[in-house]
Amino acid sequence: MNKRVADTTGKYRKENKPEELASLLALYLEARIFVQTTAMGDTQAYLGSVSLEWFAQQVRFASCLPLLQPKHNPATDNVEVDADTIAEIQQRPLDWSRQIPLVQYLAAWKNHKFPPVLVVINQPWVDNPEAAQWDSEGRATESTIDFTPLDLDGKVGLLDIAPEATIYALDGQHRLMGVQGLMKLIETHQLQRYRKDKTPDGGVITLNDLIEHYHVDVDYLESLPQEKIGIEFICAVEKGETREQARRRVRSIFVHVNLMAVPLTKGQLAQLNEDDGFAIVARKIATTHPLLEQRSDRQPRVNWNSATVATKSTVLTTLQALKEISEKYLGQKFLHWKPSEKGLIPIRPNDKELQAGILEFQQLFDYLATLPSYRVLEAEETPLLRRFSFEKDGGEGNMLFRPVGQVALAQALGILVFKKGFSLKGIFKKLHKFDLEGGFSGMEYPRSLWYGILYDPNKKRVQVAGRDLAAKLLVYILGGIEEPMERAEIRKAVADARTVEKQAIGFDGKLVEPKVVGLPPIL
């Protein structure tokens, strides 16, 4: 058959009509997949495309591959890692909490795109040592892939997948999870939310949730199963291989495609995300605002990749911190930029909203740039202002030069401006005086409001866990909390943060009863 197909198609030259070639191919494409051969190293593969519906129905998770069956957990579709499998399998376990976000992406983003998946084709005879396809030396007399070339060089052709063949995703298991979830949602109109280990997590999302939240129609959703995804096939056993050789080859590919898939850092995601309104606004301000923009006469002030600022780093903040600042500040105004109560992912804001968000954020940084702590940046470098006094060469221990302090301040300002109606002008008039008096500096000293909250006196380092309390304390000292009960809760939280073994450290540095620790005066 291979020679006949190749001879027949070989008669077609450039002068033949494309319609005639298409008509001829149509005779052979029924129940087959048109593919192009690829080769890297010793791995021969076949690249084609299939519908999402076919992908969801025909492809299984790699952990179900018979080579791994003894350690397969059918409840989670993961391989159980133990002494027998740890040396051979280094695949990240399936994270079922990702299924619904992937489904939302496919359903709501009109420009959605999954990269090709890598799958292996297996045949029943592979796991039967008595099968006729194994010779007397235990070598396969044929491959598990049935490929029919359509050209003389064997570069393109047809893949014939027999009904008894089984297909497993070596790379793209979470893509498979997402597509299967989409098919189930379209079919049953609802999808269960899962935790990482596939235990149910709360309720379900429904087809109506997607239609109402993302303004997509039923006809569009029902057309998604016919979309095409790239797919690359390799064989479970090549002709001439023993079963052990095949097992090692497939497992080696399985491991390496996953080791090579290094996830993006949060900073890199903030750089690339074109759908998250907060990330878009943060990038704009990071590149255009005078306080942050790159200039030839000074060191860079934004770390674009890392989430932290090293002790000796001259940057002021990180892109990830700027995204969080944007979320904490603008999130009080643009509530729909955040995930919904049902966990539905927000879509990209329209241009008008983005421009409004940029203007609000620009104004915030205009005011931040007026604070005395930031104005000295023209003469001093950030390490001196960031370092604690006990560190090498000493420093001011200023919270405004720590990402956690920056985010806490933005969180407080967002509440005051957008929820309580305060003006930035009035707020910064108070903050200017507070800053001049050293209110943001000396975090490592008991007199500081941030001692025990943003600064851990035991470990002598910044503690991120105190960020929310720091934000509440800022709201309080700026006059944003009037309820006696709420003030009492903050006072107790501050006292608890400064308490060690039933003794609290007062603002004068002396040990006192926790109930003695009060709140600072309102600015």
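The values are calculated or read from the model by the stated rules, or taken from the named source; none is laboratory data. Here the structure is a predicted model, which is why all the values come from computation and not from measurement. Neighbour counts are summed over all protein chains in view; Cβ atoms, including those assigned to glycine, are modelled from backbone coordinates with ideal geometry.
The table below gives the values:
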| read-out | value |
| --- | --- |
| Filter pass, Leu47 being touching a Pro at 6+ places or on another chain (Cβ under 6 Å) and modelled with pLDDT of 85 or more | no |
| Within segment 500-509, considering residues that are touching a residue at least 24 places away in the same chain (Cβ under 8 Å) and either in contact with a Cys (Cβ under 9 Å, 6 or more places away or on another chain) or closer than 15 Å to Ser448 by Cα (or both), the one surrounded by the fewest Cβ atoms within 10 Å (Cβ to Cβ) | Asp508 |
| Hey, Ala107 closer than 30 Å to Val218 by Cβ, assigned to a strand (DSSP E or B) and not polar (S, T, N, Q) or not | no |
| Of the criteria (1) surrounded by fewer than 16 Cβ atoms within 10 Å (Cβ to Cβ); (2) more than 26 Å from the chain's Cα centre (by Cα); (3) under 27 Å from Glu353 (Cα atoms), which one His289 fails | (1) |
| Wholly within segment 111-164, strands (runs of 3 or more DSSP E) carrying at least 2 residues that are hydrophobic (A, V, I, L, M, F, W, C) | 117-122, 156-160 |
| All helices (runs of 4 or more DSSP H) inside segment 354-441 with 3 or more residues being under 33 Å from the mean Cα position of the chain (by Cα) | 382-386, 403-414 |
| Only one of Ile490, Ile477 that is touching a Lys or Arg at 6+ places or on another chain (Cβ under 9 Å) and over 17 Å from Leu371 (Cβ atoms) | Ile490 |
| Within segment 284-314, tally of residues that are in contact with a Lys or Arg (Cβ under 6 Å, 6 or more places away or on another chain) and at pLDDT 90 or above | 1 |
| When residues of segment 326-348 are limited to those that are of a type in the set (Gly, Ala, Ser) and in a loop (DSSP other than H, G, I, E, B), the one surrounded by the fewest Cβ atoms within 10 Å (Cβ to Cβ) | Ser340 |
| Cross-chain or 6+ apart pairs with Cβ under 9 Å, segment 191-202 first and at positive phi, then at pLDDT 90 or above and in a strand (DSSP E or B) | Gly202/Arg193 |
| Residue check, Ile205 over 30 Å from Val257 (Cβ atoms), aliphatic (A, V, I, L, M) and part of a strand (DSSP E or B) | yes |
